[in-house]
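So the structure is just underneath, and the comments pick up after that.
The values are calculated or read from the model by the stated rules, or taken from the named source; none is laboratory data. Since this is a predicted model, take the numbers as computed values, not measurements. Using ideal geometry, Cβ is built from the backbone for each residue, glycine included, and neighbour counts are taken over all protein chains shown. For the accessible areas, the whole protein counts, side chains as well, though only heavy atoms, and no ligand, DNA or RNA atoms are used. Shrake-Rupley method; radii C 1.70, N 1.55, O 1.52, S 1.80 Å.
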Amino acid sequence: APAAPVRAAAVHALASVLPAIETFPASDAKVFPEFVWPSLSGLARDREESVRVAYASTLATLAKTSARFLQRAVAPAGAGAGGVNVGSDEGDGGVGSGSGGSNGYGGF
């Protein structure tokens, strides 16, 4: 396993990068329950306090971001099949352009 400072920095990086994602393929709307949360599941029991603190301090941000993603995953079928817009909570949750190119999250 990576050293504790690396694990803590990785958690902070996720909490910084994931909220910035605004558009992604609709097929990736369940990235949190299928990948992110299972990958982070052991951090609350990490042997190093600094890692547990990093996880605890980012948990609210990650949970809010996860909720935004999942809201789009259960959006009405009429929302379209292109990229999904997961902008701010105040937004209308509309569908992104779906035009090729970058998926908005650097191959995450």
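Pick out the one residue from 38, 19, 2, 33 that is out of contact with any strand residue (DSSP E or B) (no Cβ under 9 Å at 6 or more places or on another chain), in a loop (DSSP other than H, G, I, E, B) and modelled with pLDDT of 85 or more. Just one listed residue meets the conditions, 2.
In region 44-53 there is no residue that is touching a Gly at 6+ places or on another chain (Cβ under 7 Å) and either surrounded by 13 or more Cβ atoms within 10 Å (Cβ to Cβ) or assigned to a helix (DSSP H, G or I) (or both).
Which of the residues spanning region 27-43 are open to solvent by 40 Å² or more (accessible area, probe 1.4 Å) and farther than 23 Å from residue 6 by Cβ?
The first filter runs over region 27-43 and keeps only residues open to solvent by 40 Å² or more (accessible area, probe 1.4 Å), leaving 27-28, 30, 33-35, 37-39, 41.
Result: 27, 28, 30, 33, 34.
In the set 69, 24, only one residue is in a strand (DSSP E or B) and surrounded by 15 or more Cβ atoms within 10 Å (Cβ to Cβ); that residue is 24.
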